[in-house]
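Each value in this text was obtained by applying a stated rule to the coordinates, not by laboratory testing. This is a predicted model, so every value here is computed, not measured. Positions of Cβ are generated from backbone atoms using ideal geometry, with glycine treated the same way; all protein chains shown enter the neighbour counts.
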Amino acid sequence: MKYLLEYEEGERVIAFCLVKSREVAVASNQSEYMNLELGDKSGSIQAKLWDVTDELKELIQVKAIIKIDAYVQNYRGKKQLVLQRVRLASSSDEVAMDSLVPTTAFPLESLWDEVEARLAEIKSTTLRAVVDELIHDQEISERLRSFPAGVKMHHHYFGGLLEHTVSLLRLAERLLPLYPQVDRDVLFATCILHDIGKIYELSDPIAPDYSTPGQLIGHLVMGTEMVSEACRKLGISTTDPEILHLKHCILSHHGEMENGWGSAVSGKTPTAVLFHYLDQIDSKMNALGNTLREADEAEEWMYASVLRRKIWRGF
């Protein structure tokens, strides 16, 4: 079975896929057409559907599962699909969801077990109680196991947030012996909770977009609100020094405020500063890995949006 990104220019594509975005536009002849982003397990690809009818506009909506008959063309150096026929998938098609969305390459239960193991290593009863309260809430737990870490930039696939969390815990474990001035418990708690607000900043794990609270408030502030709410449930003061330190690390993990990357405050402790760089390492390396995988193997240079410049394959 071939997936969308595995087809080459000129090939015919008959496949099931997920509608990730849609836009209706008007051609020069005044007929309507549709710009679509279609996805499956291999990733996403742009698609064109010409001469759109009112019926098709009604049927083809974001998150719809459709069957397409299309061919691949090269447009401005990138592959795109030109749709010839399209219909909605029916229950009799028995389309497996795991064939429609990119997923983490790691078993979700194994990743979750690593989070549990690190939680058990937190010696602070205050921090351990807050982390435990949050990640074992049924709704939060289900979202943490499924949501991506972002829409496009890094770990943007089913289970990506959990994979990112575990990667940070592994990085923290390796670097902690080098920096005794870092608070181990706060660092581990930050690794687990730093992006917890993303489970409400984003709409869903299948075709994620930014929610209204996500756009108006953002996941850093939403995450610290969740920490404060857990403290209130547990009878822990929200001004407890360890809680303040944890919230500071969450609010500053996008780096210096002056950079305009979203931090509410610049890092003011060794733990906050170290965590910011751990997060940068893991997010950027994942994004660059995705760029290399998605590029044509013949390309020596490719644009990496995470760096806002071209990168060299170099091997």
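Over the range 16-55, the reciprocal of the mean inverse Cα-Cα separation, the Kirkwood hydrodynamic radius, stands at 10.8 Å. For the chain, a Gaussian network of Cα nodes joined below 10 Å ranks LEU162, LEU274, LEU220 by mean-square fluctuation, and the top entry is LEU274. Of TYR200, TYR303, TYR157, the residue with the greatest mean-square motion in the GNM of the chain, using alpha carbon springs below 10 Å, is TYR303. Scalar couplings 3J(HN,Hα) for the range 87-102, obtained by applying the Karplus form with A = 6.51, B = -1.76, C = 1.60 to θ = phi - 60°, are 8, 6, 6, 10, 4, 5, 6, 6, 6, 7, 4, 5, 8, 9, 10, x Hz; x denotes Gly and Pro.
Quick check: the angle from helix 108-121's long axis to the longest principal axis of the chain, C-alpha only, nearest 10 degrees? On a 0 to 90 degree scale, this one is about 10. With the convex hull of its Cα atoms as the shape, the range 1-112 has an orientation-averaged projected area of 8.5 nm².
Mean projection of the Cα convex hull over all viewing directions, computed for the chain: 19.1 nm².
Computed 3J(HN,Hα) for the range 74-84, one whole-Hz value per residue from the Karplus formula 6.51 cos²θ - 1.76 cosθ + 1.60 where θ = phi - 60°, is 9, 10, 6, x, 10, 6, 9, 9, 10, 7, 9, glycine and proline marked x. Only Lys, Arg, Asp and Glu carry charge here, each on its Cβ (+1 for the first two, -1 for the last two); on that basis the chain has a dipole of about 660 debye about its Cα centre. Normalised by the number of residues in the range 246-297, the mean separation of alpha-carbon contacts (under 8 Å, six or more apart) gives a relative contact order of 28 percent. Once the Cα atoms are used to define both axes, helix 160-175 deviates from the longest principal axis of the chain by about 40 degrees.
Helix 219-234 and the longest principal axis of the C-alpha atoms of the chain enclose an angle of approximately 50°.
Note that the range 108-291 carries a Kirkwood radius of 16.2 Å, evaluated over its alpha carbons pair by pair. Between ALA27 and GLU299, how many nm apart are label points set 7 Å from Cα along the C-beta direction? About 2.8 nm, to one decimal. Highest mobility in the GNM of the chain, judged by mean-square fluctuation with C-alpha springs under 10 Å and restricted to ALA89, ALA272, ALA25, is found for ALA25. Here the label points at SER228 and ASN74, each 7 Å from Cα along the C-beta direction, are separated by 5.5 nm in the simple model. Please state the relative contact order of the chain as a whole percent: Cα pairs under 8 Å, 6+ residues apart? It comes to 12 percent, rounded to a whole number. Three semi-axes describe the equivalent ellipsoid of the range 240-279; taken as square roots of 5 times the Cα gyration tensor eigenvalues and ordered largest first, they are 16, 11, 7 Å.
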